[in-house]
Amino acid sequence: MRELLLARHGFAVSNRDGVASSAVPGGGLTSEGVEQAQALAEMLAAEEISVAMTSRLARTQETLGLALDGRDVRVVIAAELDEIHFGSFDGGLLDDYRAWAAAHPPDLPAPGGGESRAQAAARFARGLRLVLARPEERVLVVGHALAIRYVVDASAGLPPAARMAPVGHASPFQLERDEVEGAAALLEAWSDMPAFRLD
C-alpha cells in the first residue's frame, strides 16, 4: 500500500436514532446517508482505487457499494475495522455510552462484554497493519467514526482523548504510507499503556 483513502459511512439509521450499534450486521443507511455515499462516489470518481476494505456492518458496506459506483474493485471485509463493541450499551442511547466512557479509564471494558478504548485501539491498529500489508497501491477504507478519528489523530502524532472530535459522514481523508505506519505504531504503543491526552 502506498496511499490510503479513509471515509466514514453515510448517515445511518443508528445515527438518526442516536443509538449505539456495534452488533453485526446492524442497520443500513437513511435516505440522507445514501445521498452522502453517492456524493462520495462523485468525490472519488477521478481517484484510482486498487482495493477497498470495510467492516462487517451493513452501514459501511452499503456506503462502500454506493461509493464504488459499479467499479470493478475487490472488496475485503475485515472484523478489525468494526465499530467499537459497546457491550450492554449496544442498542441503547449512544449518549449513555459516551457519558460512561468519558467517566472511566481507557483500559476498562464496557460492561456486558464490550471493549475498552485500549482494546479497540489495538484492534484498529491490527486493521491498519492489514491495510499496510496490501500489495495494491491505493486502498479505500470505509469505516466507523471512532476508528477513523483514532487513526487520523494518530497519523498526526495525537493519542486518543476521552472525548474525540466528530468525524463527518462520507468525507474522505487521504493518508500516505508513512502516516499510516505512524498511526499504527502509536495506537499499538498507546493500547499497551493507555492514558487519554488532555485537550
Conditions: (1) touching a residue at least 60 places away in the same chain (Cβ under 8 Å); (2) more than 14 Å from the chain's Cα centre (by Cα). S55 meets all but one. Number of the miss? (2)
What number goes with the only condition from (1) open to solvent by less than 50 Å² (accessible area, probe 1.4 Å); (2) out of contact with any Pro (no Cβ under 8 Å at 6 or more places or on another chain); (3) part of a loop (DSSP other than H, G, I, E, B) that Y97 does not pass? (3)
The residue that is most open to solvent (accessible area, probe 1.4 Å), considering only those in the stretch 51-63 that are touching a helix residue (DSSP H, G or I) at 6+ places or on another chain (Cβ under 8 Å) and either under 17 Å from S22 (Cβ atoms) or assigned to a helix (DSSP H, G or I) (or both), is R56
Somewhere in the stretch 30-44, is a residue in contact with a helix residue (DSSP H, G or I) (Cβ under 7 Å, 6 or more places away or on another chain), within 18 Å of R123 (Cα to Cα), of a type in the set (A, V, I, L, M, F, W, C) and at pLDDT 95 or above? no
If I filter the stretch 133-156 for residues that are over 21 Å from L5 (Cα atoms) and open to solvent by 40 Å² or more (accessible area, probe 1.4 Å), do I get at least one hit? no
When the stretch 27-50 is examined, which residues are found to be surrounded by 15 or more Cβ atoms within 10 Å (Cβ to Cβ) and among the hydroxyl-bearing types (S, T, Y)? T30, S50
Index of the failed condition, H169 passing every other in (1) assigned to a helix (DSSP H, G or I); (2) in contact (Cβ under 8 Å) with a residue 60 or more places away in the chain; (3) within 26 Å of A39 (Cβ to Cβ); (4) open to solvent by 10 Å² or more (accessible area, probe 1.4 Å): (1)
What's the total number of residues in the stretch 1-21 that are of a type in the set (A, V, I, L, M) and closer than 26 Å to Q174 by Cα? 6
Give the residue that is nearest to A41 (Cα to Cα), with candidates limited to residues of the stretch 178-199 that are surrounded by 14 or more Cβ atoms within 10 Å (Cβ to Cβ) and in contact with a Leu (Cβ under 7 Å, 6 or more places away or on another chain). V180
Go through the stretch 128-151 and give me each residue that's in contact (Cβ under 8 Å) with a residue 60 or more places away in the chain, closer than 20 Å to A12 by Cβ and outside any loop (DSSP other than H, G, I, E, B). L140, V141, V142, G143, A145, L146, A147, I148, V151
One residue from S21, S14 being open to solvent by less than 80 Å² (accessible area, probe 1.4 Å), outside any helix (DSSP H, G or I) and small (G, A, S): S21
Could you tell me whether the stretch 103-115 includes any residue that is buried (at least 19 other Cβ atoms within 10 Å of the Cβ) and in a helix (DSSP H, G or I)? no
Look at F124 and say whether it is of a type in the set (A, V, I, L, M, F, W, C) and more than 24 Å from M1 (Cβ to Cβ). no
Every listed condition ((1) outside any helix (DSSP H, G or I); (2) open to solvent by 20 Å² or more (accessible area, probe 1.4 Å)) holds for Q119 save (1)
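The values are calculated or read from the model by the stated rules, or taken from the named source; none is laboratory data. The structure displayed is predicted, hence computed values, not measured ones. FYI the Cβ positions are ideal-geometry reconstructions off the backbone, even for glycines, and counts take in every protein chain you see. Ligands, DNA and RNA are excluded from the accessible area calculation, which covers all protein heavy atoms including side chains. Shrake-Rupley method; radii C 1.70, N 1.55, O 1.52, S 1.80 Å.
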